[in-house]
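Each remark here refers to the structure printed beneath this line.
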Amino acid sequence: MSDRPRLLLIGPPPGSLSVALAATDVESVSTDPAKVAERLRHCDIDAVLMSPDVLSGLLDRFRRDELILSHIDKGLAVLDPEGKVVWANPVFRSFSTTDPVGRPLLVALDARVVAVEVPSRSSAPGESGEWGVPTGSLLIDPLAPAREGKPTAFRLHCPGHPEQPYVEADIRPVRRPGTGEARLIVLLRNITAEVIQQQKLDALHQAGRELAGLDPEQLAEMDVPSRIELLKHNLRHFIRDLLHYDTIEVRLLSRKTGELKPLLEDGMLPEAAGRKLFARETENGVTGYVAATGTSYLCEDAQNDPHYIAGAAGARSSMTVPLKFQDVVIGTLNVESPRVNGFGADDLQFTELFSREIATALHTLDLLSAQQVCTASQSIEAVNKEIALPLDEVLAGTSVVLEKLQRTDPDAAIRLRKVLGAARQVKDSISHVGRNMTEAPTTMNGALPLLGKRVLVVDADASTRRQAHLLLTRLGGIAETAATGTDGIAMATDEDYDAIFQEVKPPDMGGYDCYLRLRAARPTAVVSLTTGFGYDTAHSIVKARADGLKHVLFKPFRQDQVVKAVLDGPPPLFR
């Protein structure tokens with residue numbers, strides 16, 4: 001081994017030192033900052049030599065890189081293999097109440113993991129998966145996948161940071177070239193606005209489910225005035241608590257006269273509450289205009305709006321949305337504010353969403369009122385409620401067992417098929433009796449639109465499955481339901497269905513994965529996805545549309561959408 005000093009020369013050698021350099025072991029490296037930094041990590045150099053110009057250039061480049069990293073609008077940090085912060089940009093530091101360097105990630109952020117991203121089997125590298133509650137090792141150490149060389153992401157709740165309590169952390173493992181040493185790169189994004197919006201959407205959806213307030217059999221025991229009072233009470237509660245409106249007016253449209261009759265008013269002037277309004281574009285205020293056109297209306301300045309008629313004392317702006325059921329206007333919802341421009345785009349979005357729930361509740365109560373005079377209809381629906389879902393459990397469980405036994409125990413498989421046939425015969429008999437005893441929707445030529453059509457509904461919510469039974473039976477169809485994707489796939493493998501309705505996120509698997517497996521199990525059936533107000537975080541609908549998805553049904557199901565989805569037929573690729 002040479003005793004001569006080892007010298008690292010960065011850039012070209014100064015001409016005046018050529019002779020002196022001959023007495024040393026000289027290693028040259030370019031002025032590329034990455035190469036310089038990589039060579040300096042080794043400890044076998046006695047000295048470093050560079051000209052002042054080269055040094056100045058390197059420092060300028062390092063400062064520029066640091067300036068760029070410091071001005072990224074997302075939190076950026078580097079972690080050591082143990083998960084401790086070794087460097088953080090100013091945005092990342094803003095998420096921490098103390099200096100984060102040297103502290104574990106979750107401790108530095110004073111946060112807990114509330115959701116982890118679980119890539120679906122069909123996701124390509126770099127694509128988003130689905131979010132779920134952390135369990136097992138991910139609950140104990142959410143950085144574990146990154147330590148194994150896999151990108152990961154999780155969502156954090158930081159209760160000590162009221163301005164940005166929810167953040168999303170994207171973790172990417174990085175290994176230094178030529179070494180086994182690993183680093184973790186963390187990118188933080190403030191998702192508080194998204195989380196709050198989703199929470200509000202979920203609350204609106206839940207409120208819509210509770211507007212009627214009681215189960216169908218309990219409502220059947222109430223007279224119509226009692227039902228209206230129940231609805232008015234719940235409307236006041238949810239509109240104030242969720243939408244934060246104090247001055248509200250709900251009117252129902254009379255199909256015969258076109259008059260908008262008051263149902264509920266809070267905070268309106270007496271003359272406004274008793275005013276006769278009709279669904280006409282002129283001379284009937286904003287409410288009449290909205291009912292006539294079927295479009296929402298933001299009155300930004302009440303004193304200078306040609307449609308506005310005084311409603312609430314001191315009102316300076318208003319927002320009015322139509323109540324629609326199956327795209328038909330059945331009423332209006334009006335709210336007023338003492339401020340000019342008191343309502344914005346977000347207010348309009350949430351109010352329009354909630355108006356759908358109000359319209360559905362009004363329609364449901366009206367259907368129940370009509371059914372009250374028909375004992376036969378009530379009896380059939382009671383039978384369906386008590387028998388349909390338990391029979392579906394029998395069908396689903398038997399189909400799953402049959403799938404496992406048909407190769408290993410043919411005799412048992414034959415007996416199970418007889419059980420399935422008998423269960424379906426019971427369901428078909430109930431449907432047949434119901435059609436003979438009650439009136440059902442018909443097409444223009446008088447035939448039941450879905451007569452003989454068999455539909456599988458995959459949904460974890462029991463009330464959605466019950467509604468599917470009632471609606472499809474009235475349309476002449478045959479409904480079978482499954483609470484999980486696994487049960488639904490087993491049933492689709494065993495039975496021939498004309499259509500399959502699958503919720504966008506089954507409880508036991510990814511929505512897109514379930515969609516593909518149902519399509520493969522029953523290629524002759526049209527598979528549609530169903531959704532409420534929840535955001536499709538895994539983009540299952542977008543992916544399924546690329547694979548031929550034709551229909552997305554919103555819950556509660558609408559008759560016209562259901563009929564169209566069943567009769568439309570499967571995508572051409574699967575025909």
So, by mean Cβ neighbours within 10 angstrom, what's the order for 169-175, 486-492 with the highest one leading? 486-492, 169-175
Considering amide H positions built from the backbone, and no H for Pro or chain starts, which residues 5 or more places from V86, or on another chain, come under 5 Å of its amide H? V78, L79, D80, G102
Long-range amide H contacts for I191: which residues qualify at under 5 Å (H placed 1.01 Å from N, peptide plane, sequence gap of 5 or more or a different chain)? Y166, V167, E168
Decide, for region 463-512, between rounded, prolate and oblate: order the square roots of the alpha carbon gyration tensor eigenvalues as a ≥ b ≥ c, take rounded if a/c falls under 1.5, and otherwise choose prolate if a/b is larger than b/c, else oblate. oblate
Which of V426, V457 comes first, and how do the rest follow, when ranked by fewest Cβ neighbours within 10 Å? V426, V457
Global form of region 264-317, assessed from the alpha-carbon gyration tensor, a/c cut-off 1.5: oblate
So for C158, C514, fewest C-beta neighbours within 10 Å to most, what's the order? C158, C514
Can you list residues from other chains, or at least 5 along the same chain, whose modelled amide H is less than 5 Å from the amide H of Q502? V458, S528, L529, T530
Of every Cα-Cα pair in region 473-546, the percent that sits beyond 18 Å: 36
Residue pairs, from the table K453/K505; K261/K564; K418/K453; K232/K276, whose Cα atoms sit over 31 Å apart: K261/K564
If each residue's Cβ is checked for other Cβ atoms within 10 Å, how do S318, S94, S528 rank with the fewest at the top? S94, S528, S318
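Quick note: the coordinates plus some simple rules give every number you see, no bench work behind them. Predicted model, so just to flag it, every value in this text is computed and none were measured. Heads up, the Cβs are rebuilt from the backbone with ideal geometry, glycines too, and the neighbour counts pull from every protein chain shown.
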